[in-house]
Amino acid sequence: MIRWSPAAPARPGCPHRRLFRLLARELPHGLTLGASTLRPWASANFVGARHLFPCIAAVGDIPLLCRALRERLSAIEWALAGHIVADIAVEPAGAADALRIEILTVED
């Protein structure tokens, strides 16, 4: 069974902390990052991690904010040494003012 791990990187060179800092710079005003987690991920051809970033919005329409943020984050060229951002998902979370950003990275 795989469990979510704390934000500390499981392997040297894990881009989680750098990704957190880059993401914090790109978030619009009024959106606050919570405690992030990561989970190792692998397919037949790739190895990487799923990075989960919960956020709280001060105000705004969460579904509209999710769509706008997904477009904004997808357009970014992420600078992660040895890793590539393969996918980004932005979804409403359980609370009315919460959303979740999930970023899949793979080793280059």
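Side notes on the structure shown:
- Counting only strands (runs of 3 or more DSSP E) that sit completely within the stretch 9-83, zero hold 2 or more residues that are farther than 21 Å from Ala98 by Cβ, open to solvent by less than 70 Å² (accessible area, probe 1.4 Å) and in contact with a Pro (Cβ under 6 Å, 6 or more places away or on another chain).
- Against the test of being among the β-branched types (Val, Ile, Thr) and over 17 Å from Glu26 (Cβ atoms), the options Ile56, Ile76, Ile62 yield a single qualifying residue, Ile62.
- Residue check, Val90 among the β-branched types (Val, Ile, Thr) and touching a helix residue (DSSP H, G or I) at 6+ places or on another chain (Cβ under 6 Å): yes
- Restricting His51, His83 to residues that are touching a helix residue (DSSP H, G or I) at 6+ places or on another chain (Cβ under 7 Å) and within 26 Å of Gly13 (Cα to Cα) narrows the list to His51.
The values are calculated or read from the model by the stated rules, or taken from the named source; none is laboratory data. These numbers come from a predicted model, not from an experiment. Cβ sites come from the backbone with ideal geometry, for glycine too, and all protein chains shown count toward neighbours. In case anyone asks, the SASA skips ligands and DNA or RNA and just uses the protein heavy atoms, side chains included. Shrake-Rupley method; radii C 1.70, N 1.55, O 1.52, S 1.80 Å.
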